[in-house]
Amino acid sequence: MVIFNVKLVESLIREQFPQWANLEIKPVKNGGHDNRTFHLGENMSVRLPSAEWYVPQVEKEHTWLPYLSRHLSLPISIPLAKGKPNKDYPYPWSIYKWLDGETITHENIVDKIQFAKDLAGFLVELQSIDATDGPFAGEHNFHRGGDLAVYDEQSKNAIENNNEILNADLLREIWELSLQSKWNIKPVWLHGDVAPGNLLVKDGKLCAVIDFGVLGVGDPACDAAMAWTFFDDISRKVFKNALKMDEETWNRARGWALWKALITFDGNKDTNKIKADEAMHVIDTVIAEYKGSK
């Protein structure tokens with residue numbers, strides 16, 4: 001079992017990138033789950049996949065992020081070097097350019113409506129980049145951009161497991177609606193994990209987007225799930241309009257938000273009240289927005 005600490009990173013840097021061995025290494029606050037992240041000096045970071053199923057993300061990011069960055073107005077994660085497995089760590093790993101900013105909260109955004117417009121603008125810009133030869137949805141990105149039906153059984157089981165707590169009939173209706181349409185046009189780029197921990201702000205405004213581990217091409221609906229997990233009624237409508245998203249894609253986006261909230265609630269209701277309460281809030285938001293849309 002790998003123990004992720006400064007000592008491990010120091011040994012990897014000393015062995016493979018001795019030119020940076022004199023730089024200070026320290027853990028990044030909220031350093032992630034899929035990858036464990038450390039500061040490397042003031043201008044770089046080290047990212048180590050935490051398990052084997054996250055390893056394909058390394059090559060994908062090294063291949064595609066330099067290309068995407070050339071077409072985007074906002075800074076994104078840029079890989080600088082790729083490390084190799086050794087006796088202490090079994091996977092490839094990466095060194096990235098460090099991007100300044102704070103992960104977003106409801107408190108550090110100056111104007112949530114402007115933030116909704118800016119985030120939508122970034123996603124529209126991302127979707128406009130030529131996606132030829134881009135990585136289609138699959139296990140490498142947990143099917144982000146693919147058919148939401150891959151999570152049909154998970155979602156229905158989570159509803160059934162909590163039938164007495166949740167408005168099960170209405171949730172089944174919302175879920176089935178999300179499955180009724182497909183993305184039948186040319187695939188586009190998607191980030192795959194548009195969430196507060198991957199969005200940076202400076203002076204209250206969106207300044208960078210990070211963590212493209214589940215990057216792919218396909219249906220961009222999953223990138224709009226934040227409409228239900230972060231925005232309020234007004235900023236959610238602004239976000240939707242700025243995305244220029246049709247109703248069927250919006251229904252699928254709602255489905256992505258609902259799936260994640262359902263499995264998070266079901267998996268944490270007996271062990272982590274904070275996570276369970278956060279997931280229940282998203283479920284309630286999905287229901288309220290759905291009712292208001294009818």
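The values are calculated or read from the model by the stated rules, or taken from the named source; none is laboratory data. The model shown is predicted, which means the values in this text are computed figures rather than measured ones. Glycine gets a Cβ as well: all are built from the backbone with ideal geometry, and neighbour counts include every protein chain shown.
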Could you check residue 108 against (1) touching a helix residue (DSSP H, G or I) at 6+ places or on another chain (Cβ under 8 Å); (2) farther than 30 Å from residue 11 by Cα and say which number it fails?
(1)
Matching residues in region 186-220 - criterion: being touching a Cys at 6+ places or on another chain (Cβ under 8 Å) and part of a strand (DSSP E or B)
190, 200, 201
Any residue at all in region 133-141 that's closer than 18 Å to residue 32 by Cβ and in the same structural domain as residue 238 (by TED's automatic domain parsing)?
yes
Here the residues within region 105-122 that are part of a helix (DSSP H, G or I) and either more than 18 Å from the chain's Cα centre (by Cα) or of a type in the set (Lys, Arg) (or both) are 112, 113, 114, 117
Which residue is modelled with the highest pLDDT, if the candidates are limited to region 40-65 and must be surrounded by fewer than 16 Cβ atoms within 10 Å (Cβ to Cβ) and touching a helix residue (DSSP H, G or I) at 6+ places or on another chain (Cβ under 8 Å)?
41
Restricting to region 66-78, count the residues that are crowded, with 19+ Cβ neighbours inside 10 Å and at pLDDT 95 or above.
2
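From 145, 138, grab the single residue that is of a type in the set (Gly, Ala, Ser), under 27 Å from residue 62 (Cβ atoms) and surrounded by fewer than 19 Cβ atoms within 10 Å (Cβ to Cβ).
Numbers: 145 fails: surrounded by fewer than 19 Cβ atoms within 10 Å (Cβ to Cβ).
138 is the lone residue from the list that is of a type in the set (Gly, Ala, Ser), under 27 Å from residue 62 (Cβ atoms) and surrounded by fewer than 19 Cβ atoms within 10 Å (Cβ to Cβ).
Report the residue count in region 244-274 for those that are more than 25 Å from residue 145 (Cβ to Cβ) and free of Cβ contacts under 8 Å to residues at least 60 places away in the same chain.
Keep residues of region 244-274 that are more than 25 Å from residue 145 (Cβ to Cβ), which gives 268-274.
If we keep only those that are free of Cβ contacts under 8 Å to residues at least 60 places away in the same chain too, we end up with 268, 270-274.
Result for region 244-274: 6.
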Among (1) aliphatic (A, V, I, L, M); (2) in contact (Cβ under 8 Å) with a residue 12 or more places away in the chain; (3) part of a loop (DSSP other than H, G, I, E, B), there is one condition residue 170 misses while meeting the rest; what is its number?
(3)
Cross-chain or 6+ apart pairs with Cβ under 7 Å, region 1-30 first and free of Cβ contacts under 8 Å to residues at least 40 places away in the same chain and surrounded by 12 or more Cβ atoms within 10 Å (Cβ to Cβ), then of a type in the set (Phe, Trp, Tyr) and part of a helix (DSSP H, G or I)
13/20
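With among the aliphatic types (A, V, I, L, M) and either within 17 Å of residue 49 (Cα to Cα) or touching a His at 6+ places or on another chain (Cβ under 7 Å) (or both) as the only criterion, which of 95, 76 stands out?
Working: 76 fails: either within 17 Å of residue 49 (Cα to Cα) or touching a His at 6+ places or on another chain (Cβ under 7 Å) (or both).
Going through 95, 76 in turn, the sole match is 95.
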Considering (1) crowded, with 20+ Cβ neighbours inside 10 Å; (2) in contact with a Ser or Thr (Cβ under 9 Å, 6 or more places away or on another chain), say which one residue 208 fails and leave the rest.
(1)
